[in-house]
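One structure is given below, encoded as structure tokens.
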Amino acid sequence: MTRTTRPRGTRRLGLAITALAIALIAAACGSSTASPSASASAGPLNLNKTTWLLISYLSPDGTSYTVPSAVTPSLEFDDRTASGSGGCNTFSGPYQLDGENLKLGPIATTKVACEEPILAVETAYFAAMNVVNKAALLDNGRLQLWDARGKTTLVFVPGS
């Protein structure tokens, strides 16, 4: 049995490319901590009569996740009431918007038993809504919500 070996430079190049790919993926998945005004569209924020679909969220342990395609959490704003779905259960509660300052809740939810991954997403979504205190419409059309520390908690795209 003959064994062929690769030159050392080829192996090092492969490791370097792998490390670079991992770094780029990690950077793309990281959560933004920029202030709402840093990338927000100009003009007053008006959320009334809008519907949003959740695309990423910060879990209670501080990890940022992309919402799996099998889960469809939503958020609707209508006449001082925020409502929607966590993917399994529905919710509703008041919201207050003053400039970029946003307060959601208290939120009431239904209590249907949910399966994974819906349960994990919904639990984190409902927890994140409790700590939101800032909102902005970004130049890319997304709605981004922050907590008091300036950490992105929820990111939405316009819904139908």
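Computed values, structure above
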| read-out | value |
| --- | --- |
| Matching residues, region 36-70, being in a loop (DSSP other than H, G, I, E, B) and either at pLDDT 90 or above or of a type in the set (Lys, Arg) (or both) | Leu47, Asn48, Lys49, Val67, Pro68 |
| Residue check, Ser64 small (Gly, Ala, Ser) and either buried (at least 21 other Cβ atoms within 10 Å of the Cβ) or touching a Cys at 6+ places or on another chain (Cβ under 8 Å) (or both) | yes |
| Residues satisfying the stated conditions in region 67-91, i.e. among the hydroxyl-bearing types (Ser, Thr, Tyr) and either within 27 Å of Asn46 (Cβ to Cβ) or surrounded by 12 or more Cβ atoms within 10 Å (Cβ to Cβ) (or both) | Thr72, Ser74, Thr81, Ser83, Ser85, Thr90 |
| Scan of region 120-155 for residues that are of a type in the set (Val, Ile, Thr), under 14 Å from Val71 (Cβ atoms) and either in contact with a Gly (Cβ under 7 Å, 6 or more places away or on another chain) or at pLDDT 95 or above (or both), ordered by number | Val121 |
| Residue within region 57-64 that is on the phi > 0 side of the Ramachandran plot and of a type outside the set (A, V, I, L, M, F, W, C) present | yes |
| Single residue of Ser83, Ser92 found to be under 18 Å from Asn48 (Cα atoms), out of contact with any Phe, Trp or Tyr (no Cβ under 8 Å at 6 or more places or on another chain) and without any contact (Cβ under 8 Å) to a residue 24 or more places away in the chain | Ser92 |
| Residue count, region 64-75 (criterion: over 11 Å from the mean Cα position of the chain (by Cα) and touching a residue at least 60 places away in the same chain (Cβ under 8 Å)) | 2 |
| Subset of region 47-61 (residues that are closer than 14 Å to Ser85 by Cβ and either loosely packed, with under 12 Cβ neighbours inside 10 Å or among the hydrophobic types (A, V, I, L, M, F, W, C) (or both)) | Trp52, Leu53, Leu54 |
| Single condition Val112 does not satisfy, out of (1) in contact (Cβ under 8 Å) with a residue 40 or more places away in the chain; (2) within 20 Å of Pro68 (Cβ to Cβ); (3) part of a loop (DSSP other than H, G, I, E, B) | (1) |
| Residues of region 71-109 classified as hydroxyl-bearing (Ser, Thr, Tyr) and outside any strand (DSSP E or B), total | 1 |
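Matching residues to (1) among the polar types (S, T, N, Q); (2) buried (at least 18 other Cβ atoms within 10 Å of the Cβ); (3) over 19 Å from Leu58 (Cβ atoms):
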residue	(1), (2), (3)
Gly93	no, no, yes
Leu104	no, yes, no
Ala108	no, no, yes
Val121	no, yes, no
Ala128	no, yes, no
Gly141	no, no, yes
Leu145	no, yes, no
Arg149	no, no, no
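The values are calculated or read from the model by the stated rules, or taken from the named source; none is laboratory data. This one's a predicted model, so the numbers in the text were calculated from it and none came from an experiment. Neighbour counts run over all protein chains shown; Cβ positions are idealised from the backbone, glycine included.
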